[in-house]
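Visitor: Sharing a structure, written as structure tokens. Questions coming.
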Amino acid sequence: MAQTKSTVKKKSTTKKKTTSKRATKGRPRRYTAATLQKKVDEYFKQTSNPGVIGLAVYLDVDRETVRTWKVENGPFSGIIKKAYDKVAAAHEERLADGKCTGSIFWLKAQGGWQDKQEVKVEHQGDISLSINIKGLDGADV
């Protein structure tokens, strides 16, 4: 039997270069860092009871979008982290006013607070330990 060679041409894998730094897919961003900062400042000036969801509503974005902006290391991350700190500060002020149940919950869930008890036990002298183990038949082992 004679062997035949077949040749297969590969398709070019070069990508077209885009002139923009951003991907061309999806909706364009509504905010720049400067316009977002301005809107966040407006929100905190106009409300006496700030919250992350309230901020999302004011910005006309989903609350998950605000959380994404916080965790991704993009141009909005620092702005949103400062906004979270302002919300946490408002909850801390409510603690002093006695309106604390909801604030305690928020601070534990979102603000990094936690219940923590430290127990320190000191003992001087010797400690003895006696263990008596019985087998299945009831006799000492």
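The values are calculated or read from the model by the stated rules, or taken from the named source; none is laboratory data. Just so it is clear, the model here is predicted, and its values are computed rather than measured. Note that we place each Cβ from the backbone using ideal geometry, even for glycine, and neighbour counts take in every protein chain shown.
Visitor: I'd like the full set of residues that are of a type in the set (F, W, Y) and in a helix (DSSP H, G or I), limited to segment 74-93.
Guide: Of the residues in segment 74-93, the ones of a type in the set (F, W, Y) are 76, 84.
The answer is Y84, and nothing else.
Visitor: Here is a check on your reading of the model: is V40 at negative phi, without any contact (Cβ under 8 Å) to a residue 40 or more places away in the chain and of a type in the set (A, V, I, L, M, F, W, C)? Give the steps one after another, and end with the answer.
Guide: Numbers: at negative phi: yes; without any contact (Cβ under 8 Å) to a residue 40 or more places away in the chain: no; of a type in the set (A, V, I, L, M, F, W, C): yes.
In short, no.
Visitor: While we're here: Does at least one position in segment 25-34 carry a residue that is in a helix (DSSP H, G or I), modelled with pLDDT of 80 or more and within 13 Å of Q110 (Cβ to Cβ)? Spell out how you get there, then give the answer.
Guide: First, pick out the residues of segment 25-34 that are in a helix (DSSP H, G or I): 33-34.
The next check asks that each one be modelled with pLDDT of 80 or more; those that pass are 33-34.
Restricting the remaining residues to those that are within 13 Å of Q110 (Cβ to Cβ) gives none.
No.
Visitor: Output the residues belonging to segment 92-116 that are loosely packed, with under 10 Cβ neighbours inside 10 Å and either of a type in the set (K, R) or more than 29 Å from V52 (Cβ to Cβ) (or both).
Guide: Within segment 92-116, K116 is the sole residue that qualifies.
Visitor: It is to be established whether one or more residues within segment 64-73 are in contact with a Leu (Cβ under 8 Å, 6 or more places away or on another chain) and either in a loop (DSSP other than H, G, I, E, B) or touching a residue at least 40 places away in the same chain (Cβ under 8 Å) (or both).
Guide: Within segment 64-73, none of the residues are in contact with a Leu (Cβ under 8 Å, 6 or more places away or on another chain) and either in a loop (DSSP other than H, G, I, E, B) or touching a residue at least 40 places away in the same chain (Cβ under 8 Å) (or both).
Visitor: Return only the number of the condition from (1) in contact with a helix residue (DSSP H, G or I) (Cβ under 6 Å, 6 or more places away or on another chain); (2) over 25 Å from V40 (Cα atoms); (3) small (G, A, S) that G98 does not satisfy.
Guide: (1)
Visitor: Specify which of the listed residues (S130, S103) is without any contact (Cβ under 8 Å) to a residue 40 or more places away in the chain and in a loop (DSSP other than H, G, I, E, B).
Guide: Numbers: S103 fails: in a loop (DSSP other than H, G, I, E, B).
Exactly one residue qualifies, and that residue is S130.
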